[in-house]
Amino acid sequence: MTTVQRHPWVTVDGLILKDARLVAVVRRNPPFRGMPALPGGFVELGETVESAVVREVREETGLETRILRLVGVYSDPQRDPRGHTISAAYALEATGGELQAASDAKEIVLLDPDRLPPMAFDHATIVADWRKA
């Protein structure tokens, strides 16, 4: 996004377990191209954050999900090098679909939540907060 930013952008991130592993996507695009990230993305105009996280997870992973709980809201102005974003992160439960990379996800990886590799954005912090609850 190259426009002058007058307000923060709103994003969502989803945390889903599949076979006791955390579903993550390998980013196809910058920033953090090639790094694992939680599935998620930008909220569209007229969309709730709850609808957005379900849509983004479906678009990137192929999974249908339902929301279990809000993990937290992350608003550090430096969390995204493209500009100030505020993200609502949700714990989700898979209810259907088939795991496959799509949209801007290069591939799907299943991570051990106890041994995370370096992750894009502040996603390791989000995972740590999710694990505390």
Quiz prompt | Degrees separating the helix 49-61 axis from the principal Cα axis of the chain, which is the longest one | solution = 60
Exercise. Note the angle between two axes, namely the Cα long axis of helix 123-132 and the longest principal axis of the Cα atoms of the chain, as a number of degrees from 0 to 90, rounded to the nearest 10.
Key: 50
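Given contacts defined as C-alpha pairs under 8 Å and at least six residues apart, what's the relative contact order of region 9-132, whole-number percent? Intermediate values should be presented prior to the final figure.
On the way: 276 pairs, mean separation 42.1, N = 124.
The value is 34 percent.
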Quiz item: Quick one: which of 44-56, 104-116, 78-90 comes out on top by average Cβ neighbours within 10 Å, and what's the full order, highest first?
Solution: 78-90, 44-56, 104-116
Quiz prompt | Rotationally averaged projected area of region 9-132 (alpha carbon convex hull; nm²) | solution = 6.8
Exercise. Assign unit charges at the C-beta atoms only (+1 for Lys and Arg, -1 for Asp and Glu), then state the dipole size of the chain relative to its Cα centre in Debye, rounded to the nearest 20.
Key: 280
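What does DSSP give for the chain in terms of the percent of beta bridges that are antiparallel, rounded to the nearest 5?
Taking every DSSP beta bridge with both residues in the chain, the antiparallel ones total about 75 percent.
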Practice problem: Using label points projected 7 Å from each Cα along Cα→Cβ, tell me how many nm separate ALA20 and LEU110, to one decimal. | Solution: 1.1
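Quick note: the coordinates plus some simple rules give every number you see, no bench work behind them. A quick note: this is a predicted structure, and the numbers were derived from the prediction, not measured. Heads up, the Cβs are rebuilt from the backbone with ideal geometry, glycines too, and the neighbour counts pull from every protein chain shown.
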